[in-house]
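The values are calculated or read from the model by the stated rules, or taken from the named source; none is laboratory data. All figures in this text were calculated on a predicted structure; none of them were measured in a lab. Methodologically, a virtual Cβ is constructed for each residue, glycine included, from the backbone with ideal geometry; neighbour enumeration extends over all protein chains shown.
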């Protein structure tokens, strides 16, 4: 049952050291505010799951919170590589990070299987792809009708999934609109579901077939306007492209990175996000 | 590429004797007009696929067009049994019908696998259910990670799928709203896709995440207002509940059935559907 | 207030449900009970129909599992594949509410055929969602009227699995869900014996005799140590149920 | 009109596309080419981005594969699992348009690591959608700038499979799709040899010499029997491309 609590309490209650955690959002609706809260609380030894570990995971990895990363594409979208992730993988700084790497198709299917309560996902994939040789969780099953070998990967079942969404109603039902990514699947696959939202409304005003998470699959909802920044919330504010570009320079240097995190994360609060998106708002 | 043609030509061009055909629609948006056109053209020896063969398949089976039926629930919704189907199965009248019976979960997964280009669907199902013993296409695969036996059924790949939808735009993109059932999957699983629509509009006025079939997955679109009657088209007209109830009496008797079919199908046209839904319209 | 056995059945079934439940609703008797619960003591219950409608709150009883009003009043409507994958198989349904054509004392259900599968005497509609509702729902409630034709020692076909031959049969097939835990009829309330899993009468509806029970069930009726009397319908329960039925009849016209 | 090699590459790549194509668009060079095609000779082309946007028509080039404008201008936006299952794996994509960090002469692509996978010299982003784009799209077009670092005889990691070691290697792995059929660079057009499947130059861009080719590719460059000259960009092509780039720069501010 969805409980409306502030972000600090939501993270403290549901995200623990050593957990497997998915912060999802496919370019759109990335839960940056929740990621920052995890960083502030120093919750470490995490297995971080995410199709596209971008700036938010670069920050968490750079702060040494990740023991393992499960992913399919690690880049700063539209900019280039992730420099903190590279430093961890190439030089074990600040700590070594174990890698479990998949393709997008595999990760999407694995979340889907998790949501569907299955132990594994079956799909046609990895044909001739070398990941199948370096990732031990890629196996195969044989179609009992055609004899075709199909790829199989274990279902993803995060201990906690954290997402950002446009809005909740007062009962705690949550609406996601636009590029919905893999958030519904990641949420339904998880043992605990935390959602940050732009606002709480009386009526979701959702079309009949909208992507909605009912309140009874959600554990905690925290209202954090701007909580996706520098990602965006469709219908609320635009993507902060300069912030993504600037990250490349910040993350290039260990000291610059630490200083930036000190100023903008460790000594900041969820309430700061609203000001960050103020100039990007598309609706008041 | 979607071609706008009249229903007679659409059926003549894409539905041939001996084909495996799915007319889908889950209570809502059942393509009755298209089914009637198949009956008028006397296209027989069909393998009829449908999760819920109700009145429309009772009519096609009663007219002797079906060689085989693939299904998961055969009933007149809200009324009871299907008397023409029973007569075919119990007394081979007018012809014997072979049966391949599944559960809803299996059929839904099998369409999904067809849409996804897979040879089979894998799910957790049929536990302790006797269908697994009488339906030869129910097999199993073993999860390579947990060792669990999971059910497997062949993907459904109809030669043609026929659906009814609310509207198309002028490029031939089709919108389905409300109870969307399994139509998107049934369409994407098929070799040919035929759609009847209530109307053609300049702009679909669809929300961002609407259920839309792009014009390039559709073969033929025919405009048939009221084409779902006695089923309904959400936003256009209501379900004709008395017609469903009346069907029980009509189908109870072979002669009454033939006479009704003569009057309302064989000597009727797609244009007659508009008048049938006139009193049920919820928007003009 | 007087009441019919049918009304008692619906009201007794409704009382089993709680606001916290996520209920996968079969059409007919289950649908009336679930909506009555929602309109009385369980206003926040989540009702799911296999047509994809989640959190629906119809003002009148639907005639089919896919009536337009189910969608109009739902929180959201998903595709049928999603319904069966994420919501039922995903383990999110607390109560699967089923009816039956034939029922055996272990809660196994037949809605497929009377007679032999290959050459049936009566071809029934088939299982639909029931095989997986029975295995994936947290618990299964069954509601149907008692009759010797329906309550049989041995069903003709295992459409959906209850407790099989009893005991730990479900667990031996790998099922982790509870299976049938309540059977609500027009005459009584039944629950599986904790050991054998055979249905046992735990309460008789007001005025029902053991003789009536024996005459309406084709298996040997066993009784719990303490057999209660089902509390009679309250005026409020009856009033809400009758208003619901009246609205339904008015809405569906000749069909209701 | 003068033009840069980059402009020639984008325009040459755009010319490969038709209005009938359903194109799965990689970000960067492929995205520019696909949108240029849409804005010039292929107005009805269907562009799909892996974020779930189908039939998108952005006015400016997206910075990421999930920019809001892709959704705003799309026919519809589906979930990422659906995108990979129904649309890519379902075989509905005619052209998968990819870039690469390392490319070998058989169209095999590496975007995973430079060096050893377990202890990489440079950790690249990884495959993302590419492994399945490469196997499930009807054909694969590749576009990237020539360089000795990028065009290598042997890639460090097989992120996505092109023609493997050549010949019928794809078919032997069970793939029924064509694999890489076009390679469009800043200097030339390449196509796989019909037999060996090794990339062969079929056209040089205006003014490009064979010496330049040898200096910019770390494998032995082979030429088709008839090597054409790529027609220079038309004023219209250049104008549309430059306007698109200008709109993009204005929209993305400091980021563009």
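Some points to look at:
- Some residue of segment A:24-32 being within 21 Å of residue A:258 (Cα to Cα), in contact (Cβ under 8 Å) with a residue 24 or more places away in the chain and in contact with a helix residue (DSSP H, G or I) (Cβ under 9 Å, 6 or more places away or on another chain): yes
- Within segment C:103-131, the set of residues being closer than 30 Å to residue C:193 by Cα and not in a loop (DSSP other than H, G, I, E, B) comprises C:103, C:109, C:110, C:113, C:114, C:115, C:130, C:131.
- Matching residues, segment C:79-107, being within 8 Å of chain B (Cβ to nearest Cβ), crowded, with 24+ Cβ neighbours inside 10 Å and in contact with a strand residue (DSSP E or B) (Cβ under 9 Å, 6 or more places away or on another chain): C:79, C:83, C:84, C:85, C:88
- All conditions in (1) within 26 Å of residue A:152 (Cα to Cα); (2) surrounded by fewer than 20 Cβ atoms within 10 Å (Cβ to Cβ) hold for residue B:116, with the sole exception of (2).
- Residue-level check: of (1) surrounded by fewer than 22 Cβ atoms within 10 Å (Cβ to Cβ); (2) within 9 Å of another protein chain (Cβ to nearest Cβ); (3) closer than 30 Å to residue B:199 by Cβ, residue B:166 misses just (2).
- Among the residues making up segment B:173-191, those that are surrounded by 24 or more Cβ atoms within 10 Å (Cβ to Cβ) and assigned to a loop (DSSP other than H, G, I, E, B) are B:177, B:178, B:179, B:180, B:181, B:182, B:190.
- Filtering segment D:7-36 to residues that are under 18 Å from residue D:54 (Cβ atoms), under 13 Å from the mean Cα position of the chain (by Cα) and either outside any helix (DSSP H, G or I) or more than 14 Å from every other protein chain (Cβ to nearest Cβ) (or both) leaves D:17, D:23, D:24, D:25, D:26, D:27, D:34, D:35.
- Strands (runs of 3 or more DSSP E) within segment A:192-284 that include 2 or more residues more than 13 Å from every other protein chain (Cβ to nearest Cβ) and surrounded by fewer than 23 Cβ atoms within 10 Å (Cβ to Cβ): A:192-201
- Residue in segment B:142-158 that is in contact with a helix residue (DSSP H, G or I) (Cβ under 6 Å, 6 or more places away or on another chain), under 22 Å from residue B:119 (Cα atoms) and surrounded by 24 or more Cβ atoms within 10 Å (Cβ to Cβ) present: yes
- Some residue of segment B:88-106 being in contact with a strand residue (DSSP E or B) (Cβ under 7 Å, 6 or more places away or on another chain) and over 17 Å from residue C:118 (Cβ atoms): yes
- Test for residue B:13: is it surrounded by fewer than 22 Cβ atoms within 10 Å (Cβ to Cβ), within 14 Å of chain C (Cβ to nearest Cβ) and in a helix (DSSP H, G or I): no
- Residues being away from chain D (no Cβ under 14 Å), crowded, with 24+ Cβ neighbours inside 10 Å and assigned to a strand (DSSP E or B) - total across segment A:16-45: 2
- Among the candidates B:111, B:126, B:73, the residue that is at the interface with chain C (Cβ under 8 Å from one of its Cβ atoms) and over 22 Å from the mean Cα position of the chain (by Cα) is uniquely B:126.
- Subset of segment B:130-162 [within 13 Å of chain C (Cβ to nearest Cβ) and under 30 Å from residue B:217 (Cα atoms)]: B:138, B:151, B:153, B:155, B:156
- Any hit, segment D:49-66, residues being closer than 25 Å to residue A:111 by Cα, within 11 Å of another protein chain (Cβ to nearest Cβ) and touching a residue at least 60 places away in the same chain (Cβ under 8 Å): yes
- Conditions (1) modelled with pLDDT of 95 or more; (2) within 21 Å of residue D:252 (Cβ to Cβ); (3) outside any loop (DSSP other than H, G, I, E, B); (4) more than 8 Å from chain A (Cβ to nearest Cβ): number failed by residue D:69: (1)
- Residue among D:245, D:197 that alone is at pLDDT 95 or above, within 14 Å of chain A (Cβ to nearest Cβ) and surrounded by 14 or more Cβ atoms within 10 Å (Cβ to Cβ): D:197
- Residue within segment D:45-55 that is modelled with pLDDT under 95, more than 28 Å from residue D:164 (Cα to Cα) and outside any loop (DSSP other than H, G, I, E, B) present: no
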